[in-house]
Amino acid sequence: MRILATLFVLIVAPAVFAQQSSAINERRVSLNESAVALDPAGASVLEARLLTTGINGAQDTPVTNVRFVVRNSSSVSYAFVSGVVTFYDGAGVRCGEGLFKADSLASNESFETDSPGLRIRCTPSTWRVVATNLVPRMLLPYVQPVSKLEISVDGEAHPLQLDKPLTLNVGDKQRTIIVRSTP
């Protein structure tokens, strides 16, 4: 029984520590401050600031449209970015949460957005943003297209075209050569 208890503690303790450290990284800030989203290493990747002021929601009349600006604060350009924006009342209780996203976000670039599905049911005092997807933009290496092909047989050059047969005399036999591209 002690072995099972020890095993349980060893398995659960790292998970609890990981949750606590992420909660510290996802810091709530007042509505007039910029909220910062961090990558898994703890570096700032997104900074958001509210454009909507005077957010006063209630249970029967929730606020459904809040505008904010998100800036890529990292040195990485992203092909896709998404996240969650969360609002809290004065007691620290979550009272509204919504999503945001953007395609193709360069380093230090900003975009203005809202949060579809958001329903703030309080007068929030703090908020936070969390990055849920950060897909880096990949630059593919430039491959120079092949403009001319030729085959040299005993110093004699013969031009080639893709998928066009070339007939050569090799010894006393004629040989047909076809050059094709492969995937």
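Could you tell me which of the residues 150, 112, 97 is in contact (Cβ under 8 Å) with a residue 60 or more places away in the chain and acidic (Asp, Glu)?
So the residue among 150, 112, 97 that is in contact (Cβ under 8 Å) with a residue 60 or more places away in the chain and acidic (Asp, Glu) is 112.
Taking the criterion of being at pLDDT 85 or above, surrounded by 10 or more Cβ atoms within 10 Å (Cβ to Cβ), in contact with a Cys (Cβ under 8 Å, 6 or more places away or on another chain) and over 15 Å from residue 127 (Cβ atoms), would at least one residue in region 42-55 satisfy it?
No; the residues of region 42-55 include none that is at pLDDT 85 or above, surrounded by 10 or more Cβ atoms within 10 Å (Cβ to Cβ), in contact with a Cys (Cβ under 8 Å, 6 or more places away or on another chain) and over 15 Å from residue 127 (Cβ atoms).
Considering only residues of region 97-140 that are on the phi > 0 side of the Ramachandran plot and of a type in the set (Gly, Ala, Ser), which is modelled with the lowest pLDDT?
The extreme case among them is 117.
Please return the ranges of strands (runs of 3 or more DSSP E) entirely within region 141-183 where 2 or more residues are at pLDDT 80 or above.
173-177
Is region 165-183 home to any residue that is among the β-branched types (Val, Ile, Thr) and within 24 Å of residue 80 (Cα to Cα)?
Among the residues of region 165-183, not one is among the β-branched types (Val, Ile, Thr) and within 24 Å of residue 80 (Cα to Cα), which makes the answer no.
Would you check which residues across region 77-119 are of a type in the set (Asp, Glu) and surrounded by 13 or more Cβ atoms within 10 Å (Cβ to Cβ) and list them?
89, 97, 109, 114, listed by residue number.
Can residue 76 be described as in contact with a strand residue (DSSP E or B) (Cβ under 8 Å, 6 or more places away or on another chain), within 23 Å of residue 126 (Cβ to Cβ) and at pLDDT 90 or above?
Against the criterion (in contact with a strand residue (DSSP E or B) (Cβ under 8 Å, 6 or more places away or on another chain), within 23 Å of residue 126 (Cβ to Cβ) and at pLDDT 90 or above), residue 76 does not qualify.
If you scan region 120-135, which residues turn out to be small (Gly, Ala, Ser) and either buried (at least 20 other Cβ atoms within 10 Å of the Cβ) or outside any loop (DSSP other than H, G, I, E, B) (or both)?
Once the filter is applied, which keeps residues that are small (Gly, Ala, Ser) and either buried (at least 20 other Cβ atoms within 10 Å of the Cβ) or outside any loop (DSSP other than H, G, I, E, B) (or both), region 120-135 yields only 131.
Looking at the structure I just gave you, is residue 122 in contact (Cβ under 8 Å) with a residue 24 or more places away in the chain, touching a Lys or Arg at 6+ places or on another chain (Cβ under 6 Å) and assigned by TED's automatic domain parsing to the domain that holds residue 66?
So residue 122 does not fit the description; no.
The values are calculated or read from the model by the stated rules, or taken from the named source; none is laboratory data. All values reported here derive from a predicted model rather than from experimental measurement. Note that we place each Cβ from the backbone using ideal geometry, even for glycine, and neighbour counts take in every protein chain shown.
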